[in-house]
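The values are calculated or read from the model by the stated rules, or taken from the named source; none is laboratory data. Bear in mind that the values here come from a model prediction, so they are computed numbers and not experimental data. Cβ coordinates were reconstructed from backbone atoms using ideal geometry, including for glycine residues, and neighbour counts include every protein chain displayed.
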Amino acid sequence: QQNRHAQTVSVRLDAERTRQLLQQAPSAYRTQVNDLLLTALAQVVCRWSGQPSALIQLEGHGRETLFDDIDLTRTVGWFT
């Protein structure tokens, strides 16, 4: 069954805006690109829904390099 309420919006960044997003913005806001993109998504969802806040739940594989002395390269599965 097709979703009658679905809508697609596409936006492209030119090379200069992409450079700003990947290089300048993280240092200006002292954060990572993923945090900036999630913030933008939350702001758009709030505007679209008319709600003052949005909850975005994330799932990760749990293989972030947190400790230098732990080798996870030969492990299988998710750690979350």
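Is it the case that some residue within the stretch 22-31 is surrounded by fewer than 11 Cβ atoms within 10 Å (Cβ to Cβ), in contact with a helix residue (DSSP H, G or I) (Cβ under 7 Å, 6 or more places away or on another chain) and not polar (S, T, N, Q)?
Looking through the stretch 22-31, none of the residues is surrounded by fewer than 11 Cβ atoms within 10 Å (Cβ to Cβ), in contact with a helix residue (DSSP H, G or I) (Cβ under 7 Å, 6 or more places away or on another chain) and not polar (S, T, N, Q).
List pairs: first residue in the stretch 11-38 and within 23 Å of SER53 (Cβ to Cβ), second residue of a type in the set (Gly, Ala, Ser) and surrounded by 10 or more Cβ atoms within 10 Å (Cβ to Cβ) anywhere in the structure, Cβ distance under 7 angstrom, at least six positions apart or on different chains.
Sorted first by the residue in the stretch 11-38, then by its partner, the pairs are LEU36/ALA25.
Among the residues of the stretch 1-21, write down those that are surrounded by 10 or more Cβ atoms within 10 Å (Cβ to Cβ), among the hydrophobic types (A, V, I, L, M, F, W, C) and part of a helix (DSSP H, G or I).
Of everything in the stretch 1-21, just one residue is surrounded by 10 or more Cβ atoms within 10 Å (Cβ to Cβ), among the hydrophobic types (A, V, I, L, M, F, W, C) and part of a helix (DSSP H, G or I), namely LEU21.
May I ask you to list the residues in the stretch 41-69 that are outside any helix (DSSP H, G or I) and closer than 20 Å to THR8 by Cβ?
Listed by number, the residues that qualify are ALA54, ILE56.
Out of the residues in the stretch 32-69 meeting the condition of being at pLDDT below 90 and of a type in the set (D, E, K, R), tell me which one is surrounded by the most Cβ atoms within 10 Å (Cβ to Cβ).
Per the stated criteria, the residue is ARG63.
Is it the case, given these coordinates, that VAL33 is aliphatic (A, V, I, L, M) and more than 11 Å from the chain's Cα centre (by Cα)? Steps first, answer last, please.
Working: aliphatic (A, V, I, L, M): yes; more than 11 Å from the chain's Cα centre (by Cα): no.
Against the criterion (aliphatic (A, V, I, L, M) and more than 11 Å from the chain's Cα centre (by Cα)), VAL33 does not qualify.
Determine, yes or no, whether LEU72 is aliphatic (A, V, I, L, M), loosely packed, with under 10 Cβ neighbours inside 10 Å and either touching a Gly at 6+ places or on another chain (Cβ under 7 Å) or farther than 24 Å from VAL9 by Cα (or both).
Taking the combined requirement at face value, the residue does not satisfy it.
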